[in-house]
Amino acid sequence: MIRSVVVVGGGTAGWMTASYLKAAFADRVDVTVVESAQVSRIGVGEATFSTVRHFFDYLGLDEADWLPKCAGGYKLGIRFEDWSAPGEYFYHPFERLSVVDGFSMADWWLQLGDRSEPFDRSCFITTALCEAKRSPRMLDGSLFASGLDNDLGKSTLDEQRAQFPYAYHFDADAVAAYLAEYGRQRGVKHVIDDVVDVAQDERGWISHVTTASRGDLAGDLFIDCTGFRGLLINQTLGEKFESFEDVLPNNRAVALRVPREESTDMAPYTTATAMNAGWMWTIPLFRRNGNGYVYSDRFISPEEAEAELRAKVAPERDDLQANHIRMRIGRNRDSWVKNCVAIGLSSAFVEPLESTGIFFIQHAVEQLVKHFPDERFDPRMTAAYNTRVARAVDGVKEFLVLHYKAARREDTPYWKEAKLRPAPDGLVEKLDLARAKLFCEETIYPYYHGFESYSWNAMTLGLGHLPDAPHPALRHLEPANAVAEFARLKAEGEALVRALPSCYEYLASIND
Ligand SMILES: Cc1cc2nc3c(=O)[nH]c(=O)nc-3n(C[C@H](O)[C@H](O)[C@H](O)COP(=O)(O)OP(=O)(O)OC[C@H]3O[C@@H](n4cnc5c(N)ncnc54)[C@H](O)[C@@H]3O)c2cc1C
């Protein structure tokens with residue numbers, strides 16, 4: 001029986017893992033988190049995926065309690081700016097497309113759509129809320145969309161049925177601190193010290209870690225949450241890290257925390273703006289924005305990137321400290337090796353586009369519980385875990401490469417090269433097929449990776465990668481139902497804009 005788990009690292013990954021294990025197993029498993037006071041957390045990771053709701057509900061946390069303590073805001077989707085041409089934008093919302101007479105509204109838009117109204121604003125309701133910067137909740141706390149689960153209870157990503165309509169923005173350090181408090185209250189032992197050695201037994205399995213001043217910490221199972229350094233999985237066990245830089249070359253980021261001039265002007269979405277040698281995130285928290293430029297240092301130096309970022313978001317704020325970060329893009333061949341499971345940046349990272357870092361952590365920890373070992377460490381269970389984790393990462397990799405392949409921008413060497421870079425196997429064929437017929441669940445990456453076909457279509461249509469012609473069958477179908485659905489989407493969007501408070505107004509009401 002596995003009785004003790006040692007988590008090395010106290011960033012978002014370490015504390016999400018420890019708190020989730022406690023929520024799942026309570027006192028039946030001992031959990032210790034050891035984190036260094038010298039090595040700081042990565043300090044970014046502020047936008048999430050709508051499925052993160054399963055995580056917080058699993059822990060039994062009330063949004064109205066934790067969100068204000070983490071400077072949080074809402075995210076209804078991502079707004080992509082300048083990816084095709086300067087001034088152009090579109091949204092990738094957390095909203096499935098409705099289906100009329102067997103065809104999605106994206107198909108109907110190609111056939112009937114008023115091209116003066118872009119695809120995203122014709123086919124989704126959430127985009128109207130984004131444009132008007134509305135909260136997804138009424139002032140009484142009720143969710144804007146009926147029929148969508150509100151409290152998901154102790155459910156996991158595997159059980160996701162409805163698309164939860166929003167995700168969060170939050171201060172990553174504050175979330176780690178909040179979860180640390182949650183974990184400690186439920187019995188997680190917290191050791192603040194440096195791990196200076198990792199001991200292995202004769203089979204090469206980890207027997208204990210040695211700390212600088214608190215002696216040895218022994219355990220049955222070790223979780224490596226040490227970030228990009230991969231202290232246990234890579235440095236000790238020597239597991240191979242497979243780089244994705246051939247297809248996703250952004251290897252650095254520079255981040256700035258910028259106080260918002262007008263704190264009430266708060267967007268309920270992340271913005272991803274194309275830049276000369278990469279793209280920039282804007283993540284609105286309750287009183288400040290997180291900004292960061294993700295780029296490839298083959299095209300621009302860190303100093304040039306910082307200057308381009310500052311000019312864009314804080315031209316008169318030389319006092320703001322920039323945080324330069326090197327990124328390791330790719331994944332471990334296996335994230336679970338012997339009695340060590342790497343979760344977080346030590347396992348995999350594909351760059352922050354589409355905000356999947358925290359999603360990977362959630363997915364990994366859920367899968368860890370579903371594949372939790374006994375003393376035999378059945379290799380078939382370990383292999384099954386590794387396959388699921390690797391597939392989720394590989395699917396996201398493919399989806400992100402699609403962003404660069406489908407983007408029409410070609411005005412700098414970086415964007416010119418984006419068209420010529422290799423792509424993961426099969427993606428070129430998928431994009432070609434999408435010129436004949438929109439994506440469906442059968443034609444996107446076939447394993448669970450967090451994105452559904454509506455997301456793949458939202459990106460290609462938003463970026464202007466359209467099919468050559470509308471679906472031929474639609475010429476033979478009576479369009480009345482689809483026309484009515486376009487009208488319903490528009491009317492519902494307008495009614496919600498009138499009824500909902502602004503994003504800031506609602507958050508201010510729960511921040512009191
Ligand atoms: C530029 C950038 C932007 C990102 N944006 C997003 C985003 O918007 N959304 C999203 O979901 N994800 C994002 N991510 C990913 C996200 O930040 C991470 O997935 C998340 O923060 C988890 O980090 P971590 O805990 O794995 O590592 P870290 O935060 O690096 O934590 C490592 C921990 O290990 C400890 N440690 C290291 N060595 C030792 C030692 N020897 N002894 C003891 N302790 C040790 C450190 O003290 C620290 O506590 C982003 C990442 C980057 C790089």
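Which FRET efficiency, nearest 0.05, do Glu505 and Gln235 yield, Cβ-Cβ r, R0 51 Å? Calculated value: 0.55. Within the assembled protein chains, the solvent-accessible surface assigned to Val337 is about 20 Å², based on a 1.4 Å probe. Normalising the average separation of contacting C-alpha pairs (under 8 angstrom, six or more residues apart) by the number of residues puts the relative contact order of segment 146-252 at 12 percent. Using Cβ point charges alone (K and R +1, D and E -1), the dipole size of the chain about the Cα centre works out to roughly 320 debye. Based on alpha-carbon centroids, what's the gap between segment 427-477 and segment 241-316 in Å, whole number please? Segment 427-477 and segment 241-316 have Cα centres separated by 29 Å. Given their separation in residues at 0.36 nm each and the Cα-Cα distance between them, Glu245 and Thr443 gain 68.8 nm when the chain is fully extended. Compute the FRET efficiency between Glu261 and Ser40 as 1/(1 + (r/R0)^6), taking r as their Cβ-Cβ distance and R0 = 30 Å, and round to the nearest 0.05. Approximately 0.60, to the nearest 0.05. In the chain, helical runs assigned H by DSSP with n ≥ 4 each contribute -39500 (n - 2.57); averaged across all residues and rounded to the nearest 500, the mean residue ellipticity at 222 nm is -10000 deg cm²/dmol. Considering only Leu231, His208, Phe94, the residue lying farthest towards the positive end of the dipole of the chain is His208, judged by Cα position with unit charges set on Cβ. How many nm separate the modelled label positions at Thr412 and Leu320, each set 7 Å beyond the Cα in the direction of the Cβ? Label-label distance for Thr412 and Leu320, simple model: 1.8 nm. Projecting the Cα positions of Val428, Val198, Thr460 onto the charge dipole of the chain (unit charges on Cβ atoms of Lys, Arg, Asp and Glu, taken about the Cα centre) puts Val198 furthest along the positive direction. The angle between the Cα long axis of helix 357-370 and the main principal axis of the chain comes to about 60°, on a 0 to 90 degree scale. For segment 162-255, the set of GluC sites (Glu not before Pro) satisfying both a DSSP loop assignment and a count of at most 12 other C-beta atoms within 10 Å is given as Glu202.
Normalised by the number of residues in the chain, what is the relative contact order in percent for Cα pairs under 8 Å and 6+ residues apart?
Details: 979 pairs, mean separation 118.6, N = 512.
Taking the mean separation of contacting Cα pairs over the length of the chain, I get 23 percent.
Given a 1.4 Å probe and heavy atoms of the protein chains only, how would you sort Met138, Met266, largest accessible area at the top? Don't jump to the answer; show the numbers that get you there.
Values: Met138 50, Met266 5 Å².
My answer, sorted largest first, is Met138, Met266.
In the chain, a dipole from Cβ-located charges (positive for Lys and Arg, negative for Asp and Glu) runs towards its positive end, and of Ser19, Leu507, Ala174 it is Ser19 whose Cα lies farthest in that direction.
Percentage of Cα-Cα pair distances in segment 376-442 greater than 17 Å, rounded to whole percent? Write out the running numbers ahead of the final one.
Details: 1245 of 2211 pairs.
More than 17 Å apart: 56 percent of the Cα pairs in segment 376-442.
Specify the angular offset, from 0 to 90 degrees and rounded to the nearest 10, of the alpha carbon long axis of helix 12-25 from the longest principal axis of the alpha carbons in the chain. Taking the Cα atoms of the chain, the angle to 12-25 is about 80 degrees. Placing pseudo-labels 7 Å out from each Cα toward the beta carbon at Ala436 and Asn150 gives an inter-label distance of 4.7 nm. Of the trypsin sites (Lys or Arg not before Pro) found in segment 81-140, the ones in coil according to DSSP and having at most 11 other Cβ atoms within 10 Å of their Cβ are Arg115.
Of Lys22/Lys189; Lys22/Lys240; Lys397/Lys430; Lys312/Lys405; Lys22/Lys69, which pairs sit farther than 23 Å apart, going by alpha carbon to alpha carbon?
Values: Lys22/Lys189 11 Å; Lys22/Lys240 30 Å; Lys397/Lys430 14 Å; Lys312/Lys405 25 Å; Lys22/Lys69 21 Å.
Pairs exceeding the cut-off: Lys22/Lys240; Lys312/Lys405.
Annotation note: trypsin sites (Lys or Arg not before Pro) in segment 323-376 located in DSSP loop regions with a Cβ neighbour count of at most 13 within 10 Å are Arg333, Arg376.
In a shell of Cβ-Cβ distance under 10 Å around Ile444, excluding Ile444 itself, what net charge do Lys and Arg (+1) and Asp and Glu (-1) give?
Working: positive: Lys430; negative: Glu398, Glu441, Glu442, Glu452.
Here the count lands on -3.
Residues within the reach of a label modelled at Ala484 (point 7 angstrom out along Cα to beta-carbon, backbone nitrogen below 11 Å), restricted to segment 112-147: there are none. Can you send over the solvent-accessible area of Lys22, 1.4 Å probe, protein chains only, in Å² to the nearest 10? Answer for Lys22: close to 10 Å² accessible. The H on the amide N of Thr211, modeled in the peptide plane, is under 5 Å from the matching H of Val196, Asp216, Leu217, each at least 5 residues off or on a different chain.
The values are calculated or read from the model by the stated rules, or taken from the named source; none is laboratory data. This one's a predicted model, so the numbers in the text were calculated from it and none came from an experiment. Note: ideal-geometry Cβ built from the backbone for every residue, glycine included; neighbour counts use all protein chains shown. Calculation scope for accessible area: heavy atoms of the full protein, side chains included, ligands and nucleic acids excluded. Shrake-Rupley method; radii C 1.70, N 1.55, O 1.52, S 1.80 Å.
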